[in-house]
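Notes follow once the structure below has been shown.
The values are calculated or read from the model by the stated rules, or taken from the named source; none is laboratory data. What you see is a predicted model; the values in this text were computed from it and never measured. For neighbour counting, all protein chains shown are included, and Cβ atoms are generated from backbone atoms with ideal geometry for every residue, glycine included. Please note that ligands, DNA and RNA were not included when accessible areas were found on the heavy atoms of the full protein model with its side chains. Shrake-Rupley method; radii C 1.70, N 1.55, O 1.52, S 1.80 Å.
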Amino acid sequence: MSQLTSGQVVDITAAHTYGTWRFQKGWKPLHVVDAEGCCFFDSSGNRYLDFSAQLMCVSLGHKNPAVIRAIEEQARMLPYIAPGYATDVRAELSRLLLEVLPRGLDRFFFATSGTEANEAAFKIARMVTGKTKIISRYRSYHGSTMGSIAATGDPRRWAMEPAGKVPGVIFAPEVHCYRCPLRHEYPGCGVACAEYVAHMIEHEGDVAAVIVEPVVGTNGVLIPPREYLPRLREICDAHGVLLIADEVMSGWGRTGRWFAVDHWDVHPDILVTAKGITSAYAPLGLCATTGKIAAYFDDHFFSHGHTYEAHPLTLAPAIAAIGEYRRLNLVDRACETGAYLAERLQELKSKHPSIGDVRGLGLFHAVELVRNRQTRQPFNTMRDKVAGTPLLVDAVAGEMLTKGVSVQAWLSHFVIAPPLIISREEIDQGVRALDESLHLADRQAQG
Ligand SMILES: Cc1ncc(COP(=O)(O)O)c(C=O)c1O
């Protein structure tokens, strides 16, 4: 064990390692020493409710014994072997994936993060179709590496533009009924945001794939109207374009189904996931394709791979995690507990003038703050974020932390996505902290 004092741990971390997606000056990370269930603990013994499951990833809660045991046993048995070999865990996980993934996805590439899994998806789509362009949407995040950041609609992409951006990625309007980019209203709009994708494909030509987060995560927990994804599927089919579902955040029971696309019975050509696949205990990403895509590579070179592809230490915890999702019935539980969370958050909306919208599915919710409910004017913009201007949501999240609740905030909303094992009492605790911290926003809200 380290002999460092807690102060030294924080100072060395801040002085010698990068704090991601932030200005480095002023970074003073909390020293976390332990975590259990839905909570984590700092070096002073303070306890925090993990109301966003860290980065919406610790879906089984912390220190699940079965997942830890799987990692320990695998480390003793076979910690590493090159991707060219067959292993028990590779076969067993594949067998389980065939049971839980949407029908038709039956060939797997195992990476070590969501962004790498998306890179694999883009390369596969380009190789199989012989086409180049990828259509993504503005309100999206697909990862930090070159292809994935190029396909990211949110301002994390801006630092790479224009010179550093991988060419061939274009953006469609997002589906966002609270802030429709086309200024339409559902259902009168006829989901014009989906129809516009057809228009883009026809006019662009050379489109290999459309990538969507079926329920957009960090960028606002945006839930599409029921026609949207089935229509997008039809449009892709009609134009010979692949549909990629990025379920890095929305997968593994988060929305109350194994995968978000299951809500609309849509079958993507490629599904990408990570995070909850191991409850984040080991870094695993998955790019799953249809057999039809896989068949292309029977006679064509599969030009992709990693030293850590199908790394046994990442696959063993995924097998255990799927076992735990099933044993604890967490997918159904996310529906039930999610309904309670939704109810509690709607109560807050009726009480706080600064809440513009509450939306969600399962245990995946956003609470969006506005300066003015009528005009829906936000407190902060994307430009504030990249300029380092203090954001109101961060102030509210900071206040919640002093009350023992940790929540992820992004631009103008909170992403509330606790571990799927959360109890009603813990939900009450999280909602109470938000309730008691919103005075910071209410006093600046107009009307
Ligand atoms: C929808 C989505 N795709 C991709 C990623 C990238 O995953 P990773 O951070 O594991 O590279 C994320 C991360 O938050 C995500 O939410």
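Answer rounded, prolate or oblate for segment 258-322, using the Cα gyration tensor with square roots of eigenvalues a ≥ b ≥ c: rounded when a/c is under 1.5, else prolate when a/b is larger than b/c, else oblate.
Since a/c reaches 1.5 but b/c is at least a/b, the shape of segment 258-322 is classed as oblate.
In debye, nearest 20: dipole of segment 132-186 around its Cα centre with unit charges on the Cβ of K, R (+) and D, E (-)?
Dipole about the Cα centre, nearest 20: 40 debye.
So, counting K/R as plus one and D/E as minus one, what does the shell of residues with Cβ under 14 Å around E247 add up to?
After counting each charged neighbour, the total is -1.
So how strong a dipole does the chain carry about its Cα centre when Lys and Arg Cβ are +1 and Asp and Glu Cβ are -1, to the nearest 20 debye?
With only Lys, Arg, Asp and Glu charged at Cβ, the dipole is about 760 debye.
Determine the share of segment 138-209's accessible area contributed by carbon and sulfur atoms, expressed in whole percent, with a 1.4 angstrom probe.
That fraction is 57 percent.
What does DSSP give for the chain in terms of the percent of beta bridges that are antiparallel, rounded to the nearest 5?
Percent antiparallel among DSSP bridges in the chain is about 65.
Net charge around G356, counting only other residues with Cβ within less than 13 Å of its Cβ (Lys, Arg = +1; Asp, Glu = -1)?
+3
Take every Cα pair under 8 Å in the chain that's 6+ residues apart, average their separations, divide by the length, and report that relative contact order as a whole percent.
Relative CO of the chain lands at 21 percent.
How much net charge surrounds M77 when only other residues with a Cβ under 15 Å from its Cβ are counted (Lys, Arg +1; Asp, Glu -1)?
That works out to -1.
If the reach is capped at under 14 angstrom between alpha carbons, list the aspartates and glutamates near K385, excluding any in the same chain fewer than eight residues apart.
D154, D394
Of the peptides 370-381, 72-83, 102-113, how do they stack up when ordered by the mean number of other Cβ atoms within 10 Å, highest first?
The densest-packed peptide leads the list: 102-113, 370-381, 72-83.
Of the heavy-atom accessible surface of segment 271-410 (probe 1.4 angstrom), what whole percent is carbon and sulfur?
Ligands and nucleic acids excluded, carbon and sulfur give 52 percent.
Rank by packing, highest mean first: peptides 267-273, 344-350, 20-26, 309-315, with packing defined as the count of other Cβ atoms within 10 Å averaged across residues.
267-273, 309-315, 344-350, 20-26
Once the piece of chain linking L4 and E425 is laid out straight, how much longer is it, given 0.36 nm per residue of separation minus the C-alpha distance between them?
Result for the pair: 147.9 nm of gain on full extension.
Grab the DSSP H runs of the chain that are 4 residues or longer, score each as -39,500 (n - 2.57), total them, divide by all residues and round the 222 nm result to the nearest 500 deg cm²/dmol.
When only DSSP H runs of four or more count, the value is -11500 deg cm²/dmol.
In Å², what does the accessible area per residue of segment 299-368 work out to with a 1.4 Å probe?
For segment 299-368, the solvent-accessible area averages 41 Å² per residue.
Leaving out same-chain residues fewer than 8 places away, which aspartates and glutamates sit with a Cα under 19 Å from that of K351?
Correct list for K351: E343, E368, E399, D428, D435, E436, D442.
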